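The values are calculated or read from the model by the stated rules, or taken from the named source; none is laboratory data. What you see is a predicted model; the values in this text were computed from it and never measured. Neighbour counts are summed over all protein chains in view; Cβ atoms, including those assigned to glycine, are modelled from backbone coordinates with ideal geometry. Only protein heavy atoms, including side chains, enter the accessible area calculation; ligands, DNA and RNA are left aside. Shrake-Rupley method; radii C 1.70, N 1.55, O 1.52, S 1.80 Å.
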Amino acid sequence: MAYRAPVPEIAFLLEHVVGYDAVAATDRFAEATPDMVQAVLAEAGKLCDEVMAPLNRAGDLRGAVLENGVVRTSPGFAEGYRAIAEGGWVAVAAPPEHGGMGLPMAVATAINDMMSGACLALQLNPLLTQGQIDALDHHASDDLKALYLPKLISGAWSGTMNLTEPQAGSDVGALSTRAEPRGDGTYAITGQKIYISWGDADFVENVCHLVLARLPDGAPGTKGISLFLVPKYLPDAAGNPGIANDLKVLSLEHKMGLHGSPTCVMSFEGATGWLVGAPHDGMRAMFTMMNNARLGVGAEGIGVAEAAYQHALAYAQERRQGRTTEGTIIGHADVRRMLARMRAEIHAARSIALACGVALDMARATGAADWAARAAFLTPIAKAFGTETGSAVAETGVQVFGGMGFIEESGAAQFYRDVRVTAIYEGTNGIQAMDLVGRKLMDHGEAAGRLLDEIEACAEDARASLPDLAEAVWQAAETLRETTDTLLRLPVADRYGVAVPYLRATARVLGAHFHLRAALADPEGAHGRLARFYITRMLPEHGALLAEVRAGDAPLMALSVADLAV
Ligand SMILES: Cc1cc2nc3c(=O)[nH]c(=O)nc-3n(C[C@H](O)[C@H](O)[C@H](O)COP(=O)(O)OP(=O)(O)OC[C@H]3O[C@@H](n4cnc5c(N)ncnc54)[C@H](O)[C@@H]3O)c2cc1C
C-alpha cells in the first residue's frame with residue numbers, strides 16, 4: 001500500500017490535544033490560523049504522497065554514490081528535491097524577511113514528520129538546511145545572513161552540519177579541526193570530518209557547511225570551539241557560486257540503511273570560512289542548530305513509524321492465514337495487539353513532538369521563560385522517544401509481516417534499517433536522557449513540576465466523564481512527581497545510570513496525558529478506544545521504569561568492568 005500522509009490525524013492533534021490554538025492566538029502567528037494550517041498540511045501531504053513516497057524504494061536499492069569526487073544521488077531524488085524547493089517546503093518556519101513562510105515550529109514539525117514517512121533519506125537534506133538557517137539567523141553577521149539565507153531558504157543551496165571527527169563523536173570537545181585567521185576577515189579551515197550527512201549533492205548549486213573548529217588561541221574542550229560557514233563554492237561578487245573552495249568528499253560510508261542519504265567523509269584543506277557568532281562561542285551557536293534538529297529528528301522517527309504502521313496494517317488486511325472472522329490475520333488477537341501498540345505509540349510520540357513545537361512557538365511569540373523551559377524540557381524527550389518509537393514500530397512492522405518481513409522485497413525491513421540511525425545521530429538517545437536528568441532538571445524540577453501540574457489538572461477535569469482513565473493518569477503523574485523529587489536529591493552524576501528509564505517513564509506518562517486529551521475530544525470514537533488501550537495496557541510500564549529509577553545506579557555501578565568481561 002502506498003504511504004498516505006496522516007493530515008487529518010495531525011490536524012486533530014493540533015486542534016484537540018496539544019493546544020495549537022494558543023499559538024494561533026499570538027500576534028506573531030496570527031496568520032497561521034487552524035484553517036490556514038490545515039490547507040498547508042494538505043498541500044505538503046500531496047507532495048509527500050505523490051512525489052516523495054514513490055522515491056523511497058529507489059533510494060534504498062540505488063543509494064547515493066561518489067563518482068570522481070562528486071556525489072550522484074539516487075534516481076528521482078533531484079526531481080523530488082526540486083519539487084520540495086519549488087513548493088517552498090525546505091524551510092517553512094524560516095524568517096519571512098529572507099523569503100521564508102514564518103510558520104510555527106509545530107507546523108514545521110508536522111511537515112517533517114510527513115516528509116520523513118514519505119522518504120526519510122531525502123527529507124534529511126532539507127532538515128539539515130532548516131537547522132543551518134536557524135543557526136545563521138540567530139548568530140551570523142548581517143552580511144552573511146543577507147547572502148546565504150535567501151539561497152538556503154529557496155533551496156537553491158543546501159546546508160550541512162560538521163561536528164563529528166573520528167576521535168570526537170559524543171565528545172565534540174575533542175575535535176582537532178583548526179581555523180587560522182587570514183587577517184582579511186576569513187579563516188583557513190583544515191581538518192577531517194566524518195559521517196557528514198548530505199556533505200554533497202548533485203541537485204543544488206552550492207553546499208554550505210557549518211563547521212566546528214578551534215582557533216589558535218582556543219582552549220581545549222568545548223569552551224575553545226568556534227563555528228564557521230564554509231561553502232563548497234565561494235560566492236562571487238554577485239553572490240553566485242564562484243571558484244571551488246578547498247574541500248572535498250573523500251568517501252561515502254556503507255550503511256545498514258538510509259542509502260539514499262550520502263554520509264560523507266569530508267576533508268577541509270585550508271578551506272575559506274567565515275566565523276559565525278563570537279570566537280570560542282561555537283557550541284552555543286551550534287546548539288541552536290542542534291536543538292532545532294533534535295526535534296526534527298524526533299519527527300523523523302515518528303514519520304517512519306507512521307509509514308511502517310500503514311504498511312503493516314495493509315498487509316494484515318490482505319494476508320490470509322488461519323481462521324478469523326475478518327478472513328485475514330488482522331482478526332488474530334496478537335496481530336491486533338501489535339497494530340494497536342504501534343498506533344498508540346505513534347499517537348503518544350507525535351503528540352509529544354507537536355507539544356514541543358507548540359512550546360517553542362509560544363516561547364518565540366511571547367518571550368515567556370516558562371514556555372522556553374517547557375520546550376527545553378520536552379526536546380530530549382521528543383528526540384529520544386520519537387526515534388525509539390520509530391525503531392520499535394518498524395521492528396513490530398517486520399513481525400506483522402511474518403517471514404515476508406525478513407524478505408527485503410516486502411519493504412518492511414527498509415523502514416527498520418533506515419530509521420535505526422535516528423536514535424544515534426543528533427546526540428545518541430543515551431546523551432538525550434543525560435541532558436534530561438542533568439541540565440533540564442537544573443531548575444530544581446520547576447519545568448517538570450509545571451507540566452505535571454497540568455497533567456493532573458487535566459486528569460481532574462476528566463474524572464467526570466472518564467473516571468477510570470483519569471485516575472490512572474493522575475496516579476502515574478503523581479508517581480513520576482515523587483520519583484523526580486527523589487532524583488533531584490541526588491548529585492547529577494548519580495542520575496546518569498537511571499537517565500534512560502527516567503526519560504522513558506516520562507514519555508509514557510506524557511503519552512497517557514495526550515491520549516486522555518484525545519479521548520476527551522472523541523470519547524466514543526477510535527481515539528477514545530485507543531486511549532483506553534494505551535492507558536490500561538501500556539501506561540503501566542511507567543511503574544516498572546520508575547522502580548528502576550528509584551533503585552538508583554548503585555546496583556549498576558557495582559558491576560565492575562571485570563564482571564562484565566566474558
Ligand atoms: C548515518 C549517520 C549520519 C550522521 N550525520 C552526521 C552529520 O551530518 N554531522 C555530524 O557532525 N555527525 C553526524 N553523524 C555522527 C553522529 O552524530 C555520531 O555518530 C553520534 O553523535 C555518536 O558519536 P560516535 O559515533 O562517535 O559514538 P560514540 O560517541 O563513540 O558513542 C558510543 C556509545 O557510547 C555512548 N557514550 C559516549 N559518550 C558518552 C557519555 N559521555 N555518557 C554516556 N554515554 C556515552 C554513546 O551513547 C554510544 O552508545 C552521523 C552518524 C551517522 C551514523
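The angle separating the long axis of helix 369-400 from the principal Cα axis of greatest extent in the chain is about 70 degrees. Can you give the Rg/Rh ratio of segment 409-566, where Rg is from the C-alpha atoms and Rh is the Kirkwood radius? Over the Cα atoms of segment 409-566, Rg/Rh equals 1.04.
Largest first, the extents of the alpha carbon coordinates of the chain on the three principal axes equal 70, 62, 54 Å. Across segment 505-566, the fraction of Cα-Cα pairs farther apart than 19 Å, rounded to a whole number, is 50%.
Here the accessible area is traced with a 1.4 Å probe on the protein chains. For segment 153-308, carbon and sulfur cover 53 percent of it. A straight chain from Ser560 to Ala174 at 0.36 nm per residue would run longer than the Cα-Cα distance by 136.3 nm.
Taking all protein chains into account, the per residue accessible area for segment 60-159 stands at 31 Å² (1.4 Å probe).
The Asp281 and Ala156 beta-carbon pair, evaluated with R₀ = 30 Å, returns a calculated FRET efficiency of approximately 0.55. When only Cα pairs below 8 angstrom with a gap of at least 6 residues are kept, the chain shows a relative contact order of 13 percent. Seen from every direction in turn and averaged, the convex hull around the alpha carbons of segment 101-156 projects onto 4.0 nm². Evaluated at q = 0.18 Å⁻¹, a Debye calculation over the C-alpha positions of segment 1-146 (equal weights, vacuum) places log10 I(q)/I(0) at -1.08. Modelled this way, with points 7 Å down the Cα-to-C-beta line, the labels at Ala22 and Thr324 are 4.1 nm from one another.
With the convex hull drawn over the C-alpha atoms of segment 71-188, the volume per residue is 148 Å³.
Taking each DSSP H run with n ≥ 4 as -39500 (n - 2.57) and averaging over every residue of the chain yields -17500 deg cm²/dmol at 222 nm. Listed by chain and number, the lysines whose C-alpha is less than 29 Å from the C-alpha of Lys151, apart from same-chain residues fewer than 8 away, are Lys46, Lys193, Lys232, Lys248, Lys383. Can you give the extra length, in nm with one decimal, that the chain gains between His444 and Gln475 once fully stretched, where that is 0.36 nm per residue apart less the Cα-Cα distance? This chain segment gains 9.0 nm when fully extended.
Looking at segment 412-512, the trypsin sites (Lys or Arg not before Pro) that sit in a DSSP loop and have at most 15 other Cβ atoms within 10 Å of their own Cβ are Arg463, Arg489. Three semi-axes describe the equivalent ellipsoid of segment 184-260; taken as square roots of 5 times the Cα gyration tensor eigenvalues and ordered largest first, they are 24, 21, 9 Å. May I ask you to derive the FRET efficiency for Arg417 and Asp184 from their Cβ-Cβ distance with R0 = 30 Å, giving the value to the nearest 0.05? FRET efficiency, Arg417 to Asp184: 0.05. Measure nothing fancy, just the Cα-based angle from helix 446-462's long axis to the longest principal axis of the chain, in degrees from 0 to 90, nearest 10. Once rounded, one gets 30 degrees. Overall form of segment 113-268: oblate. Here a/c, set by the Cα gyration tensor axes a ≥ b ≥ c, is 1.5 or more, and a/b is not larger than b/c. Between Arg489 and Ala39, the simple label model (points 7 Å from Cα in the Cβ direction) yields a spacing of 5.7 nm.
The calculated P(r) of segment 472-540, using every Cα pair and 5 Å bins from 0, goes 3, 18, 23, 19, 13, 10, 7, 4, 2, 0 in percent. Label-to-label distance for Ala30 and Glu67 is 5.3 nm, based on points extended 7 Å past Cα in the beta-carbon direction. How much of the accessible area of segment 495-566, in percent, comes from carbon and sulfur atoms when a 1.4 Å probe is used? Result for segment 495-566: 61 percent of the exposed heavy-atom area is carbon or sulfur. Compactness ratio for segment 271-429: Cα radius of gyration over 2.2 N^0.38 Å (N = residue count) comes to 1.31.
As a ratio to 2.2 N^0.38 Å, the alpha-carbon radius of gyration for segment 307-392 is 1.54.
The separation of segment 420-447 from segment 93-159, counted between C-alpha centres, amounts to 24 Å.
Distance from the Cα centroid of segment 231-283 to that of segment 472-547 is 42 Å (rounded to whole angstrom).
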